[in-house]
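Working notes, structure below.
The values are calculated or read from the model by the stated rules, or taken from the named source; none is laboratory data. Just so it is clear, the structure is predicted and the values come from calculations on it, not from any experiment. Every residue, glycine among them, receives a Cβ derived from its backbone with ideal geometry; neighbour counts consider all protein chains shown. Note: accessible area is taken over every heavy atom of the protein model, side chains too, but ligands, DNA and RNA are not part of it. Shrake-Rupley method; radii C 1.70, N 1.55, O 1.52, S 1.80 Å.
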Amino acid sequence: QVQLVESGGGLVQPGGSLRLSCAASGSIFRVDTMGWYRQAPGKQRELVAHITSGGSTNYADSVKGRFTISRDNAKNTVYLQMNSLKPEDTAVYYCNADIVLLVYRVRNNYWGQGTQVTVSS
């Protein structure tokens, strides 16, 4: 009923930039908070950043000043601009969203399939 489709991952050198996108589609009444998480090999999934429908943002300390989260409410899309990338940013990045469905106005939490970001020279 609802899909989150991510794009924009890839291989980049240290100090480089990437922009991730995640579009929500399906039987959507409203998209509330959207965010990005990441999971490196052997580590737990961690919050990178999230943004409310009103535009309030929150970042992990490790990415503050380097990453910027934004969204286009008309397109139900969230973006993550990643600058000054470091090898320790290497991970699978997952999109997450709280979505109110058209049917019965039920509010559920959804995950994307993940996109690999590799920072290496």
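Of all residues in segment 33-49, those that are crowded, with 20+ Cβ neighbours inside 10 Å and touching a Phe, Trp or Tyr at 6+ places or on another chain (Cβ under 8 Å) total 5.
Taking the listed residues GLY65, GLY16, the one that is modelled with pLDDT of 95 or more and open to solvent by less than 70 Å² (accessible area, probe 1.4 Å) is GLY16, with no other qualifying.
Answer yes or no as to whether SER70 is closer than 19 Å to SER25 by Cα, at pLDDT 95 or above and either in contact with a helix residue (DSSP H, G or I) (Cβ under 7 Å, 6 or more places away or on another chain) or not aliphatic (A, V, I, L, M) (or both). Judged against the criteria, SER70 is a match. Look through TYR79, TYR37, TYR104 and report the one residue that is over 13 Å from VAL117 (Cβ atoms) and at pLDDT 95 or above. Testing whether each residue is over 13 Å from VAL117 (Cβ atoms) and at pLDDT 95 or above leaves just TYR79. Scanning segment 87-105 for residues that are open to solvent by less than 60 Å² (accessible area, probe 1.4 Å) and part of a loop (DSSP other than H, G, I, E, B) turns up just one, THR90.
If the condition is being outside any strand (DSSP E or B) and among the acidic types (Asp, Glu), then segment 17-52 contributes no residue at all.
Looking only at segment 53-65, decide whether some residue is of a type in the set (Ser, Thr, Tyr), touching a Lys or Arg at 6+ places or on another chain (Cβ under 7 Å) and outside any strand (DSSP E or B). Among the residues of segment 53-65, not one is of a type in the set (Ser, Thr, Tyr), touching a Lys or Arg at 6+ places or on another chain (Cβ under 7 Å) and outside any strand (DSSP E or B), which makes the answer no.
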